[in-house]
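Scroll down for the structure; my scribbles are underneath it.
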């Protein structure tokens, strides 16, 4: 068995080999749906603690609407919400949350 996950992605896949040996070609790929960290998500979008991982934020909020990469390695996840609300989560180059900002367009 192998667990496969792309870098900076939430979805994981389980590969189970049905044959024994180096030349085994019979295998099954299964998408892993249940993520135990989902149960730990805060009840509010501002309930995340500094130092939490980018993957944890993605598990809780889903894929960001936009990701802005800075030249120094930091990046921002941008989520659009109803009523002109925008959420931004700033991560350092170690993929840890450093700042949350909430904006609302009143126009």
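All of the numbers you see were taken from the coordinates with simple rules; none came from a lab. Source: prediction; values computed, not measured. For neighbour counting, all protein chains shown are included, and Cβ atoms are generated from backbone atoms with ideal geometry for every residue, glycine included.
Looking at 45, 59, 76, just one residue is outside any helix (DSSP H, G or I), surrounded by 10 or more Cβ atoms within 10 Å (Cβ to Cβ) and touching a residue at least 40 places away in the same chain (Cβ under 8 Å), and that residue is 45.
Each row is one residue, and each column tells you yes or no for (1) without any contact (Cβ under 8 Å) to a residue 24 or more places away in the chain; (2) touching a strand residue (DSSP E or B) at 6+ places or on another chain (Cβ under 7 Å); (3) farther than 22 Å from residue 40 by Cα; (4) part of a loop (DSSP other than H, G, I, E, B).
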residue: 55; (1), (2), (3), (4): no, no, no, no
residue: 71; (1), (2), (3), (4): yes, no, yes, yes
residue: 86; (1), (2), (3), (4): yes, yes, yes, no
residue: 90; (1), (2), (3), (4): yes, yes, no, no
